[in-house]
1. So what's the Cα pair-distance distribution over segment 112-218, bin width 5 Å, in %?
2. Take every DSSP beta bridge whose two residues both sit in segment 104-198, then give the antiparallel share in percent to the nearest 5.
3. Exceeding 32 Å between C-alpha atoms, which entries from my cross-link table qualify? They are LYS6/LYS69; LYS139/LYS319; LYS149/LYS213.
4. Binned at 10 Å from 0, what are the whole-percent values of the Cα-Cα distance distribution for segment 84-158, short to long?
5. Based on the mean of other beta carbon atoms within 10 Å per residue, what is the order of 153-160, 299-306, most packed first?
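Rule-based calculations on the coordinates, nothing more; no lab input. For clarity, every value in this text was computed on a predicted model and none was experimentally measured. With ideal geometry, Cβ positions are generated from the backbone for all residues, glycine too; neighbour counts draw on all protein chains shown.
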Amino acid sequence: MTTRKKKAMKKKQAQRTAQRRSAPQQAAGRQRYPAARPPLASRPGHAPAYDQDAGQSAANDAQGVAKKKRVRRKKEHVRITQAEMRRRRLRRRILAVILLLLAVTAGILLSVTLLFRVSAFEFQDPSGTVTTDIGEYTKEEILQTLEVKQGDNLFSFATNQQEELLNVHFPLLENVEIRRRMPGTVVLRVQPAQESFCIQTSTGWLILSRQCKVMAMSGTQPALPLLIGPVQTVPQVGQTLSLGTPEVQDTAETPEESALSTVVPPEQTALVQMLAALEQHGILDQVTHLDVTDPEQVYFGYQDRIRVTLGTLNQLDYKLKFAVHLLQNEKGNGLTETDRGVLDMSIIRSDGSIRPTFKQSDPELTDRVAENTDGTDDAASDTQTDGQSGDVPDKNVDDTSADEPTPEPQAEPSAQDAAKPE
């Protein structure tokens with residue numbers, strides 16, 4: 001056997017022995033038997049005298065196995081760490097939300113207990129200007145009734161409840177609005193009420209403001225414009241009038257019927273729209289009576305000498321513009337100051353234009369209207385002759401109701417040419 005073969009067999013035997021040895025034994029063996037010196041550079045074509053790489057190869061193999069085990073354990077550790085990190089991030093987010101809620105709660109409690117204390121009260125008119133005109137009352141009376149005192153927190157009360165309280169306790173004020181102004185001012189916007197209408201109820205006469213707030217009660221008819229309509233419930237002083245025919249139901253209301261009962265009655269709707277429209281057109285101060293008993297036949301009295309019949313509320317703005325043009329005789333072709341009678345603005349042609357008619361009547365117009373509370377028109381049964389067809393100026397045509405046909409511009413009407421009794 002040659003020397004080369006002997007060396008190869010020894011090398012294989014050493015490898016088998018190294019594979020059978022455990023890692024601690026290998027470590028102990030490395031300590032006991034140090035690694036052989038690195039081989040010297042041998043000449044080309046000549047084999048080394050002895051195998052210096054036998055022990056080193058076995059050690060390298062053992063180190064490779066140990067390295068693979070460490071890599072495997074490291075990968076497992078990485079997978080566990082990523083899942084744990086996700087749980088930690090979730091816990092941190094929950095903790096951040098809790099801390100934020102605690103901070104907000106602490107801020108609210110701090111503001112309620114220490115900050116935003118009421119330090120001043122300011123009275124303003126509806127436009128927001130500081131005023132001293134608060135009607136028949138004094139500031140001290142209003143502040144004594146107000147359930148907010150100096151030193152209270154600015155957000156410790158509900159403004160709508162305080163507004164309702166002041167509106168009921170002070171009937172001579174049209175409306176009271178309460179606003180907050182940082183850091184500690186309570187602003188009260190007040191508007192003195194004016195006696196504008198009166199209406200007869202089962203308990204007597206009610207004196208109303210422009211917004212139909214009950215200012216006082218009287219046993220006799222006041223010298224105020226007359227409001228005619230069915231009173232749903234008799235309000236107390238300080239409350240707002242509500243019109244509508246009361247309905248008596250013998251059976252219990254179903255949920256559907258209860259929901260329908262909250263709908264605003266048509267009489268109340270007609271009243272609100274008429275008051276707003278008359279004020280917008282600037283003739284509310286010259287209205288002497290207003291009848292909304294029948295929402296299909298609404299009419300009002302002008303200067304106690306002309307009764308303007310509007311019919312339904314369709315094209316209300318267009319009808320009132322047309323009526324104002326005739327009543328105020330803007331271009332000399334309307335009604336004069338001596339005309340007395342009924343001006344009917346309820347007739348609408350198919351093209352959407354109005355056919356106004358005027359009929360002279362007796363001078364006892366107000367008394368007849370006060371007695372005729374069913375909404376019928378005494379002059380409607382008489383024969384009427386059509387006046388000249390007319391329309392409002394071009395600039396007002398666009399203001400007509402969108403659900404009605406837009407009337408085409410025509411010549412302005414002349415009340416003098418309108419039909420009058422022969």
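1. Values per bin, smallest distances first: 2, 12, 21, 21, 17, 10, 7, 4, 3, 1, 0.
2. Details: 10 of 15 bridges.
The answer is about 65 percent antiparallel.
3. Over 32 Å Cα-Cα: LYS6/LYS69; LYS139/LYS319.
4. 15, 26, 21, 15, 11, 8, 4, 0
5. In descending order of packing, they fall as 299-306, 153-160.
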